[in-house]
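See below for the structure under consideration.
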Amino acid sequence: MAASGAVEPGAPAAAVAQSPARAQAPAPEHLFRPISAEDEEQQPTEIESLCMNCYRNGTTRLLLTKIPFFREIIVSSFSCEQCGWSNTEIHSAGRIQDQGVRYALTVRTQEDMNREVVKTDSATTRIPELDFEIPAFSQKGALTTVEGLINRAIAGLEQDQPTRRANEEAVAERIDEFIIKLKELKQVASPFTLIIDDPSGNSFVENPHAPQKDHALVITHYNRTAQQEELLGLQAEAPEQEPEEEDLRNEVLQFNTNCPECNAPAQTNMKLVQIPHFKEVIIMATNCDSCGHRTNEVKSGGAIEPLGTRITFHITHPSDLTRDVLKSETCSVEIPELEFELGMAVLGGKFTTLEGLLKDIRELVTKNPFTLGDSSNPGRMEKLQEFSQKLDQILEGNMKAHLIMNDPAGNSYLQNVYAPEDDPEMKVEHYKRTFDQNEELGLNDMKTEGYETGLAPQR
């Protein structure tokens with residue numbers, strides 16, 4: 001193809017009806033024929049269309065053709081006989097390619113100026129010697145030549161020069177100087193480089209020596225960046241993400257229940273709490289609006305530990321009573337100085353302070369219905385009063401005592417204020433459970449190894 005002038009940008013014409021008197025479209029099996037001026041059968045399809053300049057009818061010509069050693073394209077040309085307005089565009093008939101393409105052509109002769117060029121609207125055109133660039137999506141796609149690209153750039157710069165000379169004379173002078181440099185390129189007085197970078201991969205620069213190698217043309221294919229994918233309207237396939245586990249540590253869950261005292265509808269709050277230097281526990285608290293009854297219960301958030309735990313703590317100062325205590329349902333409590341022992345499951349699971357635990361013990365013992373009333377044993381009443389007095393002395397800090405927490409499941413805890421160092425007043429022992437303790441926890445009949453292949457018991 002001989003060198004052509006600039007291809008004027010413009011909005012595509014709106015096709016409204018096809019004229020039956022015009023030339024017929026190619027047969028479907030020959031839709032895209034190689035581009036050739038000598039092919040008489042290859043005629044454009046003409047469509048009567050609306051002119052976007054004068055809003056009267058003009059003519060759009062569509063040519064479906066194939067560029068040798070490239071791919072299929074659609075060339076459209078609109079002209080209006082009424083106002084003389086014309087517009088020519090090119091569109092790729094294929095899809096966006098898997099990779100972008102970059103053409104770097106070294107122009108040395110006039111023959112290089114006549115090379116065919118397909119420039120899509122997503123391509124960026126650069127001439128490094130002049131520090132000149134035409135950004136992507138600033139011009140419509142075009143089927144032209146190297147000379148045509150330069151003419152198109154010159155026409156674009158000259159378009160608003162009269163206005164610039166009136167308002168910004170200094171800017172207009174600099175643009176005039178740059179236009180002169182572009183026109184000098186057309187004479188090829190010295191070699192220059194034309195770079196066409198198209199992330200869609202649908203631009204093309206002719207190789208007149210094809211299928212042989214063109215030493216003046218360097219073609220580079222590359223993977224698009226995420227920004228280029230976005231500019232092309234492509235949504236990159238997001239990597240599969242594993243579903244995130246719901247974090248309940250910062251949420252308080254609520255569910256409806258009945259008050260254990262008056263059986264009125266109430267609400268129980270539940271929260272997962274991480275105890276420092278220990279493990280996760282589940283705290284449940286119920287508050288009844290009808291009778292005012294309040295209760296709290298704690299459940300271990302983990303499994304039964306391999307070893308049991310025995311915690312022995314010496315209460316020597318009133319500040320010791322402020323330590324946090326986690327007593328599980330499987331924990332027994334013993335106070336040797338009071339000859340007192342609280343069995344497993346009594347008081348249930350609790351997360352409280354040492355003072356709160358001792359007050360719960362006092363309330364449990366002194367308000368026992370079997371030790372109150374006229375029929376109660378006088379000797380037992382005296383022992384309860386003595387027990388209550390000594391327990392009050394411990395709570396007031398006037399009596400030293402030992403508190404022993406024995407939990408075969410290993411899920412109880414007493415705060416160590418010296419953590420991570422050892423507490424001089426607290427001794428923590430881990431021991432192997434006995435058969436009776438495992439039986440009480442239901443571990444003896446629990447099969448934890450090889451259960452997948454084990455046979456179901458016969459009944």
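The values are calculated or read from the model by the stated rules, or taken from the named source; none is laboratory data. Because the structure is a prediction, the values reported are computed rather than measured. A quick note on method: Cβ atoms are made from the backbone with ideal geometry, for glycine too, and the neighbour counts reach across all protein chains shown. Protein only, heavy atoms only, side chains kept; ligands, DNA and RNA dropped before computing areas. Shrake-Rupley method; radii C 1.70, N 1.55, O 1.52, S 1.80 Å.
Being in contact (Cβ under 8 Å) with a residue 40 or more places away in the chain, surrounded by fewer than 20 Cβ atoms within 10 Å (Cβ to Cβ) and more than 43 Å from the chain's Cα centre (by Cα) holds for only one residue in Pro162, Pro211, and it is Pro211.
This table checks each residue for (1) modelled with pLDDT of 85 or more; (2) charged (D, E, K, R).
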{"site": "Thr312", "(1), (2)": "yes, no"}
{"site": "Leu326", "(1), (2)": "no, no"}
{"site": "Glu334", "(1), (2)": "yes, yes"}
{"site": "Phe351", "(1), (2)": "no, no"}
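Out of all the residues in segment 389-433, which are open to solvent by less than 30 Å² (accessible area, probe 1.4 Å) and farther than 17 Å from Ile315 by Cα? Matches in segment 389-433: Asp407, Pro408, Ala409, Gly410, Asn411, Ser412.
Within segment 317-339, residues that are within 18 Å of Asp392 (Cα to Cα) have Cβ atoms under 7 Å from residues that are of a type in the set (Ser, Thr, Tyr) in these pairs: Leu321/Thr353; Thr322/Thr353; Arg323/Thr353, counting only partners at least 6 apart in sequence or on another chain. None of Glu334, Glu329 is surrounded by 15 or more Cβ atoms within 10 Å (Cβ to Cβ) and either aliphatic (A, V, I, L, M) or within 19 Å of Asn296 (Cα to Cα) (or both) except Glu329. Inside segment 379-408, can you point out the residues that are modelled with pLDDT under 90 and touching a Pro at 6+ places or on another chain (Cβ under 8 Å)? Selection gives Glu396, Gly397.
Conditions (1) outside the structural domain of Gly201 (by the TED database); (2) within 26 Å of Ser200 (Cβ to Cβ); (3) at pLDDT 60 or above, marked per residue:
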{"residue": "Ser4", "(1), (2), (3)": "yes, yes, no"}
{"residue": "Ala21", "(1), (2), (3)": "yes, no, no"}
{"residue": "Ala25", "(1), (2), (3)": "yes, no, no"}
{"residue": "Met52", "(1), (2), (3)": "yes, yes, yes"}
{"residue": "Asn57", "(1), (2), (3)": "yes, no, yes"}
{"residue": "Thr65", "(1), (2), (3)": "yes, yes, yes"}
{"residue": "Ala104", "(1), (2), (3)": "no, yes, yes"}
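What number of residues within segment 99-114 are among the hydrophobic types (A, V, I, L, M, F, W, C) and over 11 Å from Lys186 (Cα atoms)?
The qualifying residues number 3.
Of everything in segment 29-50 that is open to solvent by 80 Å² or more (accessible area, probe 1.4 Å) and part of a loop (DSSP other than H, G, I, E, B), the residue that is modelled with the highest pLDDT is Gln43. For segment 292-328, a residue qualifies if it is touching a Pro at 6+ places or on another chain (Cβ under 8 Å) and not in a strand (DSSP E or B), and exactly one does: His293. Of Asn151, Asn114, all but one fail to be surrounded by 14 or more Cβ atoms within 10 Å (Cβ to Cβ), in contact with a Gly (Cβ under 8 Å, 6 or more places away or on another chain) and closer than 27 Å to Asp214 by Cβ; the exception is Asn151.
Is it the case that Ala142 is over 22 Å from Ile180 (Cα atoms), in the same structural domain as Val218 (by the TED database), open to solvent by less than 10 Å² (accessible area, probe 1.4 Å) and at pLDDT below 85? Considered against the rule, which asks whether it is over 22 Å from Ile180 (Cα atoms), in the same structural domain as Val218 (by the TED database), open to solvent by less than 10 Å² (accessible area, probe 1.4 Å) and at pLDDT below 85, Ala142 comes out as yes. Scanning segment 207-223 for residues that are at pLDDT below 90 and in contact with a helix residue (DSSP H, G or I) (Cβ under 9 Å, 6 or more places away or on another chain) yields a count of 1. Quick one: in segment 168-188, of everything that is over 50 Å from the mean Cα position of the chain (by Cα) and open to solvent by 80 Å² or more (accessible area, probe 1.4 Å), which residue is farthest from Thr125 (Cα to Cα)? This residue is Glu169. Which of the residues belonging to segment 155-204 are hydroxyl-bearing (Ser, Thr, Tyr) and closer than 30 Å to Gln97 by Cβ? Passing the criteria: Thr193, Ser200, Ser203.
The residues in segment 294-326 that are over 12 Å from Asp407 (Cα atoms) and open to solvent by less than 20 Å² (accessible area, probe 1.4 Å) can be counted, and the count is 7.
What about Gly84, is it assigned to a loop (DSSP other than H, G, I, E, B) and either within 30 Å of Arg56 (Cβ to Cβ) or not acidic (Asp, Glu) (or both)? Criteria met by Gly84. So in segment 345-368, with the set limited to residues that are part of a helix (DSSP H, G or I) and not hydrophobic (A, V, I, L, M, F, W, C), which one is surrounded by the fewest Cβ atoms within 10 Å (Cβ to Cβ)? Filtering first and then ranking leaves Glu363.
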